[in-house]
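Before any comments, here is the structure.
The values are calculated or read from the model by the stated rules, or taken from the named source; none is laboratory data. It should be emphasised that the depicted structure is a prediction, and the values quoted were computed from it without experimental measurement. Neighbour counts are summed over all protein chains in view; Cβ atoms, including those assigned to glycine, are modelled from backbone coordinates with ideal geometry. Just the protein is used for accessible areas: all its heavy atoms, side chains included, with ligands, DNA and RNA removed. Shrake-Rupley method; radii C 1.70, N 1.55, O 1.52, S 1.80 Å.
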Amino acid sequence: RMPLSIELADELTHAPMPDRVFRESFYCDVVDHASGLGLICYFTAQPATGSGMGFLHVADRGRELLSFHDFNLARADHEAGREEMEVGPFRVTLVEPLRRQRFQVKTEEVTADLAFSSALPVYDYAWPWTRSRHYEQVGAAEATVRLPGGETLAVRGSSVRGHAWGIRGLRPWRGWF
């Protein structure tokens, strides 16, 4: 069963559990069907380890344009009830619950600013075998990305955002779908 709503508090950050495998993560992707550009941004914090990771990937129909990632980001604090979470150069901000979110990545060589919006329901599904929560929402997004070297891309199209938290990774991980 997949409920079509979440508690508004679930849009905010969550109190970390002391378990080392507890993590909280956010992602957003966007596909521009007209230009063929696609983007995915994902990052996560593991509060008990003081660390996190994230990646930003941009491609067109025929090639990878950017693959920026860091799997060893320092993360000092993690508090419940915040509208914003930051891990290294990655930041997500809740603009309007159940409707709008902003993702940003900022380094010396790469920047990305992605605005997600939706009037559609949030799809909430609990995965009992991971003791975590996870929801997703379909919508639209607009992004501006500055690549190394200064080229700027605009991506606008269909989008999905997600937010997950809890003890995850209790089953063997085989890779991204």
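Can you compute the label reach from residue 5? Point 7 Å from Cα along the Cβ direction, backbone N cut-off under 20 Å, restricted to the range 72-108. In the range 72-108, the label zone of residue 5 (backbone N under 20 Å from the point 7 Å along Cα→Cβ) covers 96-100. Can you give the net charge of the other residues whose Cβ lies under 12 Å from the Cβ of residue 5, counting K and R as +1 and D and E as -1? Taking every other residue near residue 5 into account, the sum is -4. Each of 57, 69, 78, 33 has its accessible area taken with a 1.4 Å probe; listed largest first, they run 33, 69, 57, 78. Max-minus-min Cα coordinates of the chain on each principal axis give 43, 34, 31 Å, with the largest extent listed first. Computed with a 1.4 Å probe over protein heavy atoms only, the accessible surface of the chain comes to 55 Å² per residue. Using C-alpha pairs under 8 Å with a sequence gap of at least 6, the mean separation divided by the residue count of the range 1-99 gives a relative contact order of 27 percent. Loop sites by DSSP among the trypsin sites (Lys or Arg not before Pro) of the chain, restricted to those with at most 16 other Cβ atoms within 10 angstrom, leave 132-173 as the longest stretch without any of them. Annotation for residue 17 and residue 71: the two label points, set 7 Å from Cα along the Cα-Cβ direction, are 2.4 nm apart. If you model the range 1-88 as an ellipsoid using its alpha carbon gyration tensor, with each semi-axis the square root of five times an eigenvalue, the axes come out at 28, 19, 10 Å, biggest first.
Quotient of the Cα radius of gyration of the range 81-121 and 2.2 N^0.38 Å, N being its number of residues: 1.27.
Taking the Cα centre of the range 1-54 as reference, the dipole from Cβ charges on Lys and Arg (+1) and Asp and Glu (-1) amounts to some 200 debye. For the chain, carbon and sulfur atoms together expose 53% of the accessible surface, with a 1.4 angstrom probe and every protein chain in place.
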